[in-house]
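In what follows, a structure is listed as structure tokens, so that the remarks can point back to it.
The values are calculated or read from the model by the stated rules, or taken from the named source; none is laboratory data. What you see is a predicted model; the values in this text were computed from it and never measured. Heads up, the Cβs are rebuilt from the backbone with ideal geometry, glycines too, and the neighbour counts pull from every protein chain shown. Note: accessible area is taken over every heavy atom of the protein model, side chains too, but ligands, DNA and RNA are not part of it. Shrake-Rupley method; radii C 1.70, N 1.55, O 1.52, S 1.80 Å.
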Amino acid sequence: PTPTPTPTPKTPTLARKMKKPAAPATPSITKKKKKKSSKLRPITETSLNEGQPTCGQPSPLGATRLENESVNFALRTQNATSVTLVLYSEEDFKNGKITAEIDLDPESGFRTERTKDEAVIWHVEVPNLSEKCLYGYRVNGPKFSGHGFDFNKVVLDPYAKHVCCNREGYGKTNKLAETDLERNWPQYASGVPALYSSENTFNWEGVESPKYDLADLTIYEGHVRGIGRTYEDMIEKLPYLKSIGVNCIELLPIHEFNELEYSDENKRNPESGELRRNFWGYSTVNFFTPMTKYAKVGEADCGRKSNDEFKKLVRECHRNDIEVILDVVFNHTAEGNEKGLTLSFRGVDNRTFYMTAPTGEFYNYSGCGNTLNCNHPMVADLIVDSLKHFVEEYHVDGFRFDLASILTREASYYKGEEEPAVEEFSLLASTQPNSVNDNLASSIAENGMQEEVLYDQEEVLFDEEEVLYDQ
């Protein structure tokens, strides 16, 4: 049957015409010319590789091991002005030290503006790079409102495939840290791919998915730590699940997250002495890596062994004629609102990854502090790439999308490069609670509006949770 069309919400009508504020007078400033690439360090061989790094390729994103044993790094960020690749040896990472840094010179071929989709990608190829190596990025950019660039922080690659964070296991803190925040949120980094010639590739043993029709599934929703504590332990429970008629397991979130995000040394469990933990996992740090702390092997081999342990779980599910569906959370991340942590997405390109207001605050449609900007091409590509990765690399059978309505939100393209337009202030004022209206009214006055903007409130049909359309 033909669905009934959804009525289009009416837009507010202006009671009388607005006049744009007069531009404030500004003193003339003589700008000094920047010396070309003067602050960039020469690109040289590091202690972790043999040979001088070259420009590499803008695709694929993330870290890719090539047949010549080089590793190609590619990072997409629409608004960054400089990028530095940070490398760690395993030992240095455990001790909180950086092993080497490679500044990417945009004027020497290390930055590509792709014509077909206007993507901006920074890239470098590091020859003969050790597989016992981890990496992250320093990213710098505009300091306008709403951007989150901080060159002092080393951020996790959004396309990281093996994640380490220097904690010994689930619920364990970083013993080298000096503060609660650093103990619970130590530095994240990603392991590079294993050597191309390595024989340690996972063996699927010819086991394939049973590939049931959707209508024939009997789905059991479960949590890794609720069923068996680790991926390895879960395998022991599969015969029982099969015996009660289950032919599909839907796993609650297994993307990398931090179970200690709400922990406080002063609020330990009075009986066990344990820190409070986020059990459920709806607070993603990375969308390409299975939760490292759910693996019995932990962060062994730069995080690669934990990935293999999850593959083993999927393989054994399929061996028992049980499909695997993942509960995925593409509506928000663990970075919180504009006052939250800089772990990955915020530091790579805050305005692109998240839906932000013209004045820099986060739109919180998810109810969890931030909202992923799902329909921006860069974020949409990341979501699709993540889904493909888990199907191709981990052989999972399907996905359940948490708060899927976020995926339908209009993309936010505001870059914060200039003061918000009068129309943007007015639209925000018409759709916010009175307390916010008062603040916006003050902002409007400060921005020099010469006439009050009146809205016919009866014409405003937006619900408080509905999208605020970008004018």
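Entry comment: accessible area of segment 331-422 is 38 Å² per residue, from protein heavy atoms only and a probe of 1.4 Å. Applying the Karplus relation 6.51 cos²θ - 1.76 cosθ + 1.60 with θ = phi - 60° to segment 350-359 yields 3J(HN,Hα) values of 4, 5, 8, 6, 10, 7, 10, 6, x, 8 Hz, where x marks Gly and Pro.
Shape descriptor for segment 311-401: Rg over Rh equals 1.09 (Cα atoms; Rh from the Kirkwood inverse mean 1/r). Counting lysine pairs in segment 84-207 whose alpha carbons fall under 16 angstrom apart, excluding pairs fewer than 8 residues apart on the same chain, gives 8. Charged neighbours of residue 101, selected by a Cβ distance under 9 Å, balance to +1 (K, R count +1; D, E count -1). Distances between placed amide hydrogens fall under 5 Å for residue 249 paired with 220, 323, 324, 325, all partners being 5 or more residues away or on another chain. With q set to 0.15, 0.26, 0.28 Å⁻¹, the log10 of I(q)/I(0) for segment 188-237, from the Debye formula over equal scatterers at the Cα positions, is -0.82, -1.02, -1.03. Per-atom-type breakdown for segment 169-275 gives carbon and sulfur 46% of the accessible area (1.4 Å probe, protein chains only). Note on segment 227-358: Lys pairs 8 or more places apart or on different chains, Cα atoms under 18 Å apart, count 10. Starting from segment 36-118, pick out the trypsin sites (Lys or Arg not before Pro) whose DSSP state is loop and whose Cβ has at most 14 other Cβ atoms within 10 Å. For trypsin sites (Lys or Arg not before Pro) across segment 36-118 that sit outside H, G, I, E and B with at most 14 neighbouring Cβ atoms in 10 Å, the list reads 36, 39, 97, 114, 116. Could you give me the ³J(HN,Hα) list for segment 84-92, computed from phi with Karplus coefficients 6.51, -1.76, 1.60 and θ = phi - 60°, whole Hz, x at Gly and Pro? With the stated coefficients, segment 84-92 comes to 10, 7, 10, 10, 10, 7, 4, 5, 5 Hz. Take the Cα radius of gyration of segment 231-291 and divide it by 2.2 N^0.38 Å, N being the number of residues; the result is 1.48. The loop-placed trypsin sites (Lys or Arg not before Pro) in segment 319-376, going by DSSP, that have at most 12 neighbouring Cβ atoms within 10 Å of their Cβ come out as 339. Within segment 102-234, all pairs of alpha-carbon atoms sorted by distance into 5 Å bins from zero give the percentages 2, 7, 9, 13, 16, 14, 12, 12, 10, 6, 1, 0. The tail of the calculated P(r) for segment 86-138 beyond 16 Å holds 52 percent of all Cα-Cα pairs.
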